[in-house]
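Here is the structure we will look at, set down as structure tokens.
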Amino acid sequence: MRTHGFVVGLLLLAVVGVAGWLLGGVTPVPGLVAAVAVGALVGNSVGYPDRLGAGVGTHKLWLETGIVLMGAGIALGAVVEAGPTVLGLVVATVVGTLLFVELLARGVLSVPAKLTSLLAAGASVCGVSAVVSVAGSIDADESHVAYASATVLAFDALTLVAYPPIGQFLGLSDVGFGVWAGTTMFSTGPVTAAGFAVSPTAGRWAVLVKLTRNALIGVVTVAYAMYYARRRRTANDAAPADASGGPGLTGVLSNAPRFLVGFLLLAVLGNTVLSAGAVDMLETASNWLFLLAFAGLGLELRLDDLRSAGLTPMAVLAASLVTFSAAMLVVVEMLF
Amino acid sequence: VTDRPTTDWWRSLDRGWKAVVLGLICTVVAQFWTVAQLPVWG
């Protein structure tokens, strides 16, 4: 009976994911965003029986497996070719966004620390993937993960629609638009879609810059794991430290998500021994796994939780996006 | 229901390691598929 519920839960993920993908094909909404929307609609209207929960809950495994497979498509050579200018812009944007969101949300607006960190990671590195990666390393609350993911996805939808016309209105070059979208939009899918909506050249540059940004996910995840491990050890009023928080580098590594090992391994394999056809296949598989993952994310998303979180985190990301988007526009106009 | 040893081994893995194992299986299959020039849909 348990196995039956598990399999039906998996089927529910697949049905919602495919529905999102089909919806993405006939509307401007990207398939991944549509999968979350369909999932949230089903989960918050008709719902699903508890016995399907284990199957639906596998969406986290599919997301991590999707990220591992995405590693094969990371173009290490292209990252090197992009040169120090793009690398400098990427690092400056990631660090700047992290600090901006942390200072504004936690320092000024008193947003909970871990929710702030999830929002900062999502906005600065690679959207929901970064949110989930950092969430695993800092043991974040499930409702915070759902809220940060939903907030990031909302901005993904907004920027996907807004960026191409703004870029064309401002007369940005193809390379300039690619760099602008790649450094400031949140998630890889919408960056790719927005880039190729302008031109193939803009699309290639957008993806290249975005992948460079994505490569920083490991650094940001480990940095946050280190920060929160230290916070746990020094907190006087907290519960006794759990077994996962060992000392120094050991503690950091024990908190770091294991799937990053696979991501880095696939990045090396994808750039050395794997054939181009195999890399294409793995990227396709990664996209399908993301569809399952985002369907599950939507199914488990509770709109009541979002309402109780308030609009402040949304306003923080809006301020961050407007600030860095405008700043990067000026830089791109000067350099490209 | 008594678990088989293979199921125990799989269940004992952390979710992240499961993702790594699945990723590596997919990689081996994809590489074999293209080297053997098996048909690709889509």
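Only the coordinates and a few stated rules stand behind these numbers; no lab work does. The structure displayed is predicted, hence computed values, not measured ones. Here Cβ is always computed from backbone atoms with ideal geometry, including for glycine, and neighbour counts include all displayed protein chains.
Summary table
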| quantity | calculated |
| --- | --- |
| Neighbour-count ranking [beta-carbon atoms within 10 angstrom, fewest first] of A:Phe177, A:Phe263 | A:Phe263, A:Phe177 |
| With 10 Å bins from 0: P(r) over the stretch A:257-336, alpha-carbon pairs, percent | 14, 21, 23, 35, 7 |
| Rh by Kirkwood over Cα pairs, then Stokes-Einstein D for the stretch A:153-199 at 0.890 mPa s and 25 °C, µm²/s | 240 µm²/s |
| Taking A:Glu300, A:Glu333 and counting other C-beta atoms within 10 Å, the order from fewest to most | A:Glu333, A:Glu300 |
| Volume in Å³ per residue [convex hull over Cα atoms, computed for the protein assembly as shown] | 162 Å³ |
| Length added when fully stretched, A:Ser143-A:Val7, from 0.36 nm per residue minus Cα-Cα | 46.4 nm |
| Helical segments meeting 20 Å axial Cα length and Kyte-Doolittle 1.6 threshold in chain A (DSSP H) | A:2-26, A:83-101, A:312-335 |
| Between the stretch A:89-160 and the stretch B:15-42, the Cα center-to-center distance that results, in Å | 31 Å |
| Counting all C-alpha pairs of the stretch A:1-153, share separated by more than 22 Å (%) | 54 percent |
| Ranked list, fewest to most other Cβ atoms within 10 Å of each Cβ, for A:Met334, A:Met70, A:Met328 | A:Met334, A:Met328, A:Met70 |
| Efficiency of FRET between A:Val330 and A:Arg233 - r from beta-carbon atoms, R0 41 angstrom, step 0.05 | 0.45 |
